[in-house]
Amino acid sequence: MRTLYLDAFSGISGDMFIGALLDLGLDFKQFETELAKLNISGYHLHAARIAKSSIYGTDFDVHLPESVHKDEGFVEATPAHHHHEHVHQHANGHTHSHGDDVRHLKDIEAIIDHSDLSDYVKTNAKQVFTEIAKSEAVVHELPLSDVHFHEVGALDSIVDIVGAFVALELLAVDQVYSSELTDGSGFIKVAHGMMPVPVPAVMQMRVGSAIPIKQNPEIHTELITPTGMGIVKTIVDQFCPIPENQTITKVGYGFGKRETPQLNALRVMLCEKKN
């Protein structure tokens with residue numbers, strides 16, 4: 001039985017998770033080929049082995065066209081009867097607007113269902129999107145059907161979330177264990193204004209779960225993204241130290257995009273049960 005262990009000393013995001021699995025030796029071309037079964041276009045993948053703090057790992061990103069900017073926030077939730085155009089200011093100073101240029105949860109589920117992906121990937125990817133959408137529905141006091149994802153933001157998030165399960169399947173992972181998660185502290189600026197860390201969607205996803213999270217008062221930013229939290233909630237079987245009956249066979253690092261005073265990476269270990 002093959003076990004994946006997450007050492008989330010600096011939180012988790014979708015791109016950190018995929019980067020870490022690529023760093024374990026997952027074949028990038030094979031990963032691209034499998035992910036292409038999603039049958040959507042408008043993006044390309046980038047993965048590079050780089051060093052941060054003299055530690056080598058993999059930086060993974062979903063690149064969108066230059067004319068398109070990723071949303072600062074993951075989900076924009078507004079009542080369905082609001083048809084006026086929303087304009088979003090990004091941290092880099094760029095703005096973009098949208099009217100009906102959105103995808104609801106059912107639209108994303110349809111994309112996944114109509115793909116050529118395996119049932120394992122489809123089921124788990126839809127579960128992550130559902131977890132995130134449910135949390136946003138509660139935070140914004142909306143029906144689940146009224147929560148919508150920016151089409152641009154949804155595209156890179158679809159690739160990150162679906163890609164996470166494509167990678168797990170290619171690595172033939174049977175079970176996932178994790179350390180407690182670490183988040184930052186303070187506030188971050190998102191589409192809706194200044195939000196506390198953990199961000200509301202991440203905090204809402206803790207309801208009814210036993211996911212352990214500690215906050216690092218020295219890190220003044222978000223380390224656990226809603227995508228990362230949704231993945232953890234879906235895949236982790238147990239939060240514990242590495243079991244004594246497991247032998248570590250390989251270690252990988254997936255780098256985060258935020259600059260922090262410490263190494264910002266997700267460390268993962270592939271383990272095999274001792275004979």
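The values are calculated or read from the model by the stated rules, or taken from the named source; none is laboratory data. Because the structure is predicted, anything quoted here is derived from the model rather than measured. Here the Cβ is made from the backbone with ideal geometry for all residues, glycine too, and neighbour counts use every protein chain on show. The protein model used for the area step is the full one, side chains on, heavy atoms only, and it has no ligands, DNA or RNA in it. Shrake-Rupley method; radii C 1.70, N 1.55, O 1.52, S 1.80 Å.
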Residue within the range 208-215 that is assigned to a helix (DSSP H, G or I) and surrounded by 18 or more Cβ atoms within 10 Å (Cβ to Cβ) present = no
request  = Scan V199, V268, V166 and give me the residue that is out of contact with any Gly (no Cβ under 8 Å at 6 or more places or on another chain), surrounded by 22 or more Cβ atoms within 10 Å (Cβ to Cβ) and either farther than 25 Å from S135 by Cα or at pLDDT below 95 (or both).
outcome  = V199
message = Please list, ordered by residue number, the strands (runs of 3 or more DSSP E) wholly in the range 9-113 having 1 or more residues that are within 19 Å of the chain's Cα centre (by Cα) and at pLDDT 95 or above.
response = 44-52, 55-63
ask   = Which of (1) open to solvent by 50 Å² or more (accessible area, probe 1.4 Å); (2) more than 30 Å from D116 (Cβ to Cβ) does G186 not meet, given it meets every other one?
value = (1)
task = State all residues of the range 250-263 that are buried (at least 24 other Cβ atoms within 10 Å of the Cβ) and over 9 Å from A20 (Cα atoms); if no residue qualifies, say none.
result = G256
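For the range 172-183, indicate whether the set of residues that are small (G, A, S), touching a strand residue (DSSP E or B) at 6+ places or on another chain (Cβ under 8 Å), in contact (Cβ under 8 Å) with a residue 40 or more places away in the chain and buried (at least 16 other Cβ atoms within 10 Å of the Cβ) is non-empty. Let's see the steps before the verdict.
Initial filter on the range 172-183 (small (G, A, S)): 172, 178-179.
Then keep just the ones that are touching a strand residue (DSSP E or B) at 6+ places or on another chain (Cβ under 8 Å); that gives 172, 178-179.
Okay, now just the ones that are also in contact (Cβ under 8 Å) with a residue 40 or more places away in the chain, so 172, 178-179.
Going one step further and asking which of them are buried (at least 16 other Cβ atoms within 10 Å of the Cβ), we end up with 178-179.
Among the residues of the range 172-183, at least one is small (G, A, S), touching a strand residue (DSSP E or B) at 6+ places or on another chain (Cβ under 8 Å), in contact (Cβ under 8 Å) with a residue 40 or more places away in the chain and buried (at least 16 other Cβ atoms within 10 Å of the Cβ), which makes the answer yes.
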Odd one out for R267 among (1) in contact with a Ser or Thr (Cβ under 8 Å, 6 or more places away or on another chain); (2) part of a strand (DSSP E or B) = (1)
